[in-house]
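The values are calculated or read from the model by the stated rules, or taken from the named source; none is laboratory data. Here the structure is a predicted model, which means the values were calculated and not measured. In this analysis, Cβ positions are derived from the backbone assuming ideal geometry, glycine residues included, and neighbour counts consider all displayed protein chains.
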Amino acid sequence: MVRRRRLQTLCPDKAVFVSVTQIKNCLTSSSLLYEEGYTCLQLECPVCKPGELSMYINKISGFFICKNCKSSGDWNTMEQALVKQDQKSLSQCTAMNIKNSTTAKEWAAVMAKYPTPSKVPSAKLNAILEACELQHIPVRLLTQLEARIDVKMSGILLPLKFGSSDVGYKRIGPKTENDIDEAEVSGCGILITAGQSRSSTTIVVCCPRDFLALAACQKLHHEVICLPHGQQSLPQELLPLFEPYKKLVLWFANDLASWNCVRMFAKKLNEKRCFLVRPQEKQPSPQIALQEGYDLADIVEKAQPISHASITTFAELREDVLSEIFNVDKVSGVKWKRFPQLNSMLKGHRRGELTVLTGPTGSGKTTFISEYSLDLAIQGVTTLWGSFEIRNQRLARTMLQQYVMTPLEDNLSMFNFWADSFQRLPLYFMTFHGQQSIEFVMEAVEHASYVHDIGHVIIDNVQFMLGMSVTETGFLDRFYRQDALIAAFRNFATLHNVHVTLVIHPRKEREGEQLTTNSIFGGAKASQEADNVLIIQQRTLQSLKIRKFLQIAKNRFSGDLGIMPLDFDKASLSFSKKENKSV
């Protein structure tokens with residue numbers, strides 16, 4: 001299993017999947033009865049209550065967790081305990097329990113510190129609700145949800161649930177133009193409507209404002225669940241909480257990022273039970289729909305299944321086509337803010353594509369692609385870095401300096417402030433370095449994609465990753481391995497709907513000649529499989545200064561080609577012109 005460490009590195013020696021057949025065989029041989037759910041196998045917890053199916057084992061990763069005692073861990077731990085017939089040792093696997101008990105204490109402190117809605121003067125409470133754009137939410141609902149009011153910061157705090165336990169909270173503050181996560185979160189749990197009759201259907205949203213809008217609708221008789229981390233990720237620890245539901249209605253916002261999130265989360269939740277409120281003009285997000293007087297219950301009723309057993313006619317495709325036409329500006333991808341010229345050519349950064357970046361040695365490929373990916377991560381694109389040439393410490397330092405746009409060594413007093421802000425970005429780093437096998441890397445990438453909901457994978461660079469195997473007899477073997485790697489990542493990008501960026505060194509060209517798509521090292525497979533080919537070009541002027549620019553040599557989405565000047569600022573290690581990050 002891939003686990004999270006400081007700097008959010010992914011440890012390759014733990015990045016393994018396990019087949020559900022292997023799990024079932026192990027449980028059967030240990031005489032443990034189980035029931036198969038949508039995403040997990042359910043069985044009695046060996047640690048706590050007998051007779052209750054409270055233990056859940058993920059059918060993809062093997063991760064186990066008990067929703068009562070919160071014992072949790074990877075499959076290797078469970079398997080060893082079963083083989084040694086020492087199932088009580090699982091009680092020592094309390095990482096999840098410790099994390100949630102800490103945040104539960106934080107929520108207990110919040111309850112003691114902040115008043116309930118009924119104890120806040122009406123005028124002040126109405127002002128807070130208006131600042132948070134929640135003036136349409138009745139006070140009785142906030143009371144029912146056990147909300148607390150932060151009068152000083154104009155915030156609303158809602159408890160996160162894991163089973164019957166309070167395990168943290170989510171804060172809603174005054175809405176600003178630059179909101180990304182929509183709310184501060186502490187703890188690993190979900191927001192769920194209380195006091196509703198148990199239904200086999202639930203509505204899943206990623207924004208607490210949408211959660212409150214649906215909870216306020218009296219015509220809806222389904223439970224509503226809000227994910228703790230919004231569109232960033234759906235932790236596998238939470239999947240057991242969705243097992244009781246036969247139908248999940250996913251209702252996110254009307255943009256490309258939300259559309260991609262729905263597809264990604266649906267695969268994790270089991271597509272067969274997932275229904276989608278398609279992004280259309282008369283089906284905006286729940287909060288907007290409530291404000292504009294739409295019938296929320298009617299929109300939920302019209303939700304359509306995400307998976308189709310067979311699509312054979314245009315009649316079955318027409319809603320997908322309509323959604324794409326309606327969102328024509330949004331399907332082009334996430335826009336770059338630091339490199340606006342890229343938007344006019346590539347139109348945006350899209351999932352499911354393969355990008356190849358090449359350029360001469362020393363031209364700044366790693367420096368450019370680190371800022372390129374940082375720009376997207378700041379906008380919420382969950383990114384996995386595989387740096388095989390330089391170490392993660394150096395890469396992270398470069399990205400941090402690009403993030404703050406000022407020399408770090410001259411501003412050491414601000415390091416903790418900037419580092420705390422940088423650490424909140426959805427960035428993960430693999431701990432691989434130097435030559436690795438294709439199978440080993442792909443296993444780690446696929447695992448990270450599932451567990452951390454990765455949207456962008458960068459491999460820097462292909463030659464360092466492949467190295468020179470002791471079994472190779474010549475360059476043909478190396479070319480074959482590179483083609484196999486490109487094919488593997490092309491297949492991964494398509495199947496998992498993840499954007500993959502490969503950095504590849506060019507072949508040696510004659511001095512003074514510009515690089516082309518034919519200059520990419522290896523065979524022609526890289527340029528053929530790639531959706532986008534980016535080339536850093538260098539030109540020496542008469543003054544002996546080197547002028548750099550980025551050439552868009554291939555663009556399968558729109559066909560637009562062109563160049564973008566690259567002016568490097570040494571102080572910020574940046575190729576973009578931007579004001580220093582404000583303190």
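Results, tabulated for the structure shown:
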read-out	value
Among the residues listed as C45, C26, the single one being more than 21 Å from the chain's Cα centre (by Cα), modelled with pLDDT of 80 or more and part of a loop (DSSP other than H, G, I, E, B)	C45
Qualifying residue in the stretch 323-340 (condition: of a type in the set (G, A, S) and assigned to a helix (DSSP H, G or I))	yes
Criterion violated by N518 - all others in (1) modelled with pLDDT of 85 or more; (2) within 30 Å of E409 (Cβ to Cβ); (3) exposed (fewer than 13 other Cβ atoms within 10 Å of the Cβ) satisfied	(2)
Residues within the stretch 421-443 that are of a type in the set (A, V, I, L, M) and closer than 30 Å to V404 by Cβ, tallied	3
Residue that is surrounded by the fewest Cβ atoms within 10 Å (Cβ to Cβ) [pool: residues in the stretch 529-550 that are farther than 10 Å from V356 by Cβ and under 29 Å from the mean Cα position of the chain (by Cα)]	I536
Residue check for P279: at pLDDT below 95, touching a Cys at 6+ places or on another chain (Cβ under 9 Å), under 29 Å from Q379 (Cβ atoms) and surrounded by 17 or more Cβ atoms within 10 Å (Cβ to Cβ)	no
Test: E439 is over 17 Å from L374 (Cβ atoms), among the acidic types (D, E) and either surrounded by 14 or more Cβ atoms within 10 Å (Cβ to Cβ) or in the same structural domain as I378 (by TED's automatic domain parsing) (or both)	yes
Some residue of the stretch 406-424 being of a type in the set (K, R) and at pLDDT below 85	no
Answer residue from the stretch 127-170, given it is of a type in the set (K, R) and closer than 29 Å to S54 by Cα and is surrounded by the fewest Cβ atoms within 10 Å (Cβ to Cβ) among those	K161
Residue pairs meeting the criteria (Cβ under 8 Å; at least 6 apart or on separate chains; first polar (S, T, N, Q), in the stretch 77-94; second modelled with pLDDT under 70 and not in a helix (DSSP H, G or I))	T77/C93
Residue list for the stretch 168-186, filter: assigned to a loop (DSSP other than H, G, I, E, B) and at pLDDT 65 or above	G173, P174, K175
Answer residue from the stretch 5-23, given it is within 14 Å of F64 (Cβ to Cβ) and modelled with pLDDT of 85 or more and is surrounded by the most Cβ atoms within 10 Å (Cβ to Cβ) among those	I23
Given (1) outside any loop (DSSP other than H, G, I, E, B); (2) surrounded by 15 or more Cβ atoms within 10 Å (Cβ to Cβ); (3) modelled with pLDDT of 90 or more, number of the condition A81 does not satisfy	(3)
Exclusive hit being assigned by TED's automatic domain parsing to the domain that holds Y245, within 24 Å of Q236 (Cβ to Cβ) and either modelled with pLDDT of 90 or more or of a type in the set (S, T, Y) (or both), set S61, S154, S165, S71	S165
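One line per residue, one yes/no per condition, for (1) more than 22 Å from the chain's Cα centre (by Cα); (2) assigned by TED's automatic domain parsing to the domain that holds L485; (3) under 20 Å from V533 (Cα atoms); (4) at pLDDT 90 or above:
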position: V334; (1), (2), (3), (4): no, no, yes, yes
position: G348; (1), (2), (3), (4): no, yes, yes, yes
position: R351; (1), (2), (3), (4): no, yes, yes, yes
position: L354; (1), (2), (3), (4): no, yes, yes, yes
position: G364; (1), (2), (3), (4): yes, yes, yes, yes
position: I369; (1), (2), (3), (4): no, yes, yes, yes
position: T382; (1), (2), (3), (4): no, yes, no, yes
position: W385; (1), (2), (3), (4): no, yes, yes, yes
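Here is a yes/no grid of residues against (1) in contact with a His (Cβ under 8 Å, 6 or more places away or on another chain); (2) closer than 22 Å to H349 by Cβ; (3) modelled with pLDDT under 90; (4) not hydroxyl-bearing (S, T, Y):
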site	(1), (2), (3), (4)
S437	no, no, yes, no
F440	no, no, yes, yes
E446	yes, yes, no, yes
D460	no, yes, no, yes
M468	no, no, yes, yes
E472	no, no, yes, yes
D477	no, no, yes, yes
R490	no, yes, no, yes
T494	no, yes, no, no
